[in-house]
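Bear in mind that the values in this text are calculations on the coordinates, not laboratory data. All values reported here derive from a predicted model rather than from experimental measurement. Positions of Cβ are backbone-derived with ideal geometry, glycine not excepted, and every protein chain shown enters the neighbour counts.
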Amino acid sequence: MEAELMALASSGAATLVGLMVSDAWTEVKDGIARMLARGRATEQVAHDLDVSRTELLQAGGSRDGQLVAAVEGVWRAWLQDLLQAEPALAEDLRRLLTAGDMPEAWPLREVHNVITGGVQHGPVIQAGRVSGLAFHLPKAPEGADGG
């Protein structure tokens, strides 16, 4: 297998494992199962994905490096086999790996947020995953803290 497809399978497996332990999993699982089925029963692929997810969650998600590597290895091998048999999968995997560009088969939902119950004196964030974010809020004026 050429190096580009091997790298694509590795990146795809890592992304898949990351999605499995995320809150987004329930939204994307069916679309991923359909993408990976490629002539197989989608239900069986969905079951295999659920088995991997259950193993990861029972072991504490991404904290067990050996288990994550093992699950990634299983899906990397699966993706490598699929890429050899179905070259068109490469484009689907590239879309999966492109931030913000989900395959059309994935269910997308519009989200509306309403904040009620008073004045909010700080940032309000809705996100699936936030990392490396720091807020620097201004200091309260003297005497504003009641003391």
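A compact table of results
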read-out	value
Order of Asp92, Asp48, Asp23 - criterion: other Cβ atoms within 10 Å of each residue's Cβ, fewest first	Asp23, Asp48, Asp92
Estimated distance in nm for a label pair at Ala3 and Ala41, the labels positioned 7 Å out from Cα along Cα-to-Cβ	4.1
Net charge of Cβ neighbours under 12 Å - reference Asp81; Lys, Arg +1; Asp, Glu -1	+2
Proximal charge balance of Thr42 [Cβ under 11 Å; K/R count +1, D/E count -1]	+1
Under-5 Å amide H pairs with Ser22, H placed in peptide plane, nonlocal only	none
Ranked packing of 39-45, 54-60, 70-76, most packed first, by mean Cβ within 10 Å	70-76, 54-60, 39-45
Calculated from backbone phi, Karplus (6.51, -1.76, 1.60) coupling profile of the stretch 84-98 in Hz, x at Gly/Pro	5, 7, 10, x, 5, 4, 4, 5, 4, 5, 4, 5, 4, 7, 8
Stokes-Einstein translational diffusion, the stretch 3-97 - Kirkwood Rh over all Cα pairs, 1.567 mPa s, 4 °C, in µm²/s	98
Relative contact order, percent, the stretch 3-97 [alpha-carbon distance under 8 Å, six or more residues apart]	46
